[in-house]
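Single-structure report; data block below.
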Amino acid sequence: MNEISDKVQKGTTTVAIMCKDGVIMAADKKASAGYMIASKDVDKVHIISKYMAITMAGLVSDAQLITKVAKAELRLKKIRNQKEPNVKEAANLVGNILYQNIRKFSTIPGIVSFLLGGKDNRGYHIYELGIDGSVTEVKTFVSTGSGSTMAYGVLETLYKEDLSVKEGTELVIKAISAAMRRDMATGEGVDVFLVDNSGVKKIVGKKIVSELK
């Protein structure tokens, strides 16, 4: 089992924070396989609908499949109901998939978690979707992955209510940078996405120096 697990890409740091004008989501770019860097350019933030994005942490194969299934299910739901699904519906959908995924028999446990950020007619929302299928709404900030402990130290210290998008972007980059300094599975750069009134868009995608200023 350990030999198989060591060959599977894993390890990451993802962050989502609430701002006064939207939700900001970020993740690093490295994928690891044991002590080897498997990739230096992995996309860990994905757009699943016009007003929703998701971050992934855990086994890449499971995360990619669940993301594809969720994206397709949300499209079907929109067609059937003739309206965009709200963020809570999307969170429950992914939570149900995760619940079934972790409980199916497999030689490789499907350990993966997500952060879901989005906007609907009720406002902006962030949900933490645990590996066990749990669905938890977050009002301020949240982080997942192997580097989340370091990221939380920055978020707990510097986060404040009513952050602007500019301030929020700077904060998530600082949080990812802190994780890069101490977590060997986090690194190579950062992708930052913004969910606002116009939808989801990528606002930062670059290499960053792993220093906290």
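The values are calculated or read from the model by the stated rules, or taken from the named source; none is laboratory data. On a predicted model such as this, the values are computed, not experimentally measured, just so you know. Note that each Cβ is placed from the backbone with ideal geometry, even for glycine, and that neighbours are counted across all protein chains shown.
Using the structure shown, decide if K206 is among the basic types (K, R) and either surrounded by fewer than 16 Cβ atoms within 10 Å (Cβ to Cβ) or over 23 Å from D43 (Cβ atoms) (or both).
yes
Determine whether segment 38-50 contains at least one residue that is more than 14 Å from the chain's Cα centre (by Cα), at pLDDT below 95, in a strand (DSSP E or B) and surrounded by fewer than 20 Cβ atoms within 10 Å (Cβ to Cβ).
yes
So in segment 156-202, with the set limited to residues that are among the aliphatic types (A, V, I, L, M) and without any contact (Cβ under 8 Å) to a residue 60 or more places away in the chain, which one is surrounded by the fewest Cβ atoms within 10 Å (Cβ to Cβ)? Break it down stepwise before answering.
Within segment 156-202, the first condition is being among the aliphatic types (A, V, I, L, M), and the residues that meet it are 158, 163, 165, 171-173, 175-176, 178-180, 184-185, 190, 192, 194-195, 200.
Next cut, without any contact (Cβ under 8 Å) to a residue 60 or more places away in the chain only: 158, 178.
Working: L158: 14, A178: 24.
Per the criteria, the residue is L158.
Filter segment 39-83 down to residues that are farther than 25 Å from T149 by Cβ and among the acidic types (D, E), then give me how many there are.
Count: 1.
Taking segment 64-87 on its own, how many of its residues are under 11 Å from M52 (Cβ atoms) and either in contact with a strand residue (DSSP E or B) (Cβ under 6 Å, 6 or more places away or on another chain) or in a helix (DSSP H, G or I) (or both)?
Here is the first cut: in segment 64-87, the residues under 11 Å from M52 (Cβ atoms) are 70-71, 74, 84-87.
Restricting the remaining residues to those that are either in contact with a strand residue (DSSP E or B) (Cβ under 6 Å, 6 or more places away or on another chain) or in a helix (DSSP H, G or I) (or both) gives 70-71, 74, 86-87.
The total comes to 5.
Restricting attention to segment 145-159, which residues are under 17 Å from V112 (Cα atoms) and outside any helix (DSSP H, G or I)?
Passing the criteria: G145, S146, G147.
Go through (1) buried (at least 23 other Cβ atoms within 10 Å of the Cβ); (2) more than 17 Å from M18 (Cα to Cα); (3) at pLDDT below 95 and name the single condition T149 misses.
It fails just one condition, (1).
Of the residues I97, I102, I131, I126, only one is part of a loop (DSSP other than H, G, I, E, B) and surrounded by 14 or more Cβ atoms within 10 Å (Cβ to Cβ); which?
Exactly one residue qualifies, and that residue is I131.
Determine if segment 59-78 includes at least one residue that is acidic (D, E), crowded, with 20+ Cβ neighbours inside 10 Å and in contact with a helix residue (DSSP H, G or I) (Cβ under 9 Å, 6 or more places away or on another chain).
yes
Please go through (1) under 27 Å from M184 (Cα atoms); (2) under 14 Å from the mean Cα position of the chain (by Cα); (3) touching a residue at least 24 places away in the same chain (Cβ under 8 Å) for H125 and return the number of the only condition it doesn't satisfy.
Going through the list (1) under 27 Å from M184 (Cα atoms); (2) under 14 Å from the mean Cα position of the chain (by Cα); (3) touching a residue at least 24 places away in the same chain (Cβ under 8 Å), H125 breaks only (1).
Is there any pair with a first residue in segment 67-91 that is closer than 20 Å to V112 by Cβ and a second that is buried (at least 16 other Cβ atoms within 10 Å of the Cβ) and small (G, A, S) whose Cβ atoms are under 7 Å apart and which are 6 or more apart or on different chains, and what are they?
Partner pairs satisfying both residue conditions: L74/S49; L74/A90; V87/G118; A90/G118.
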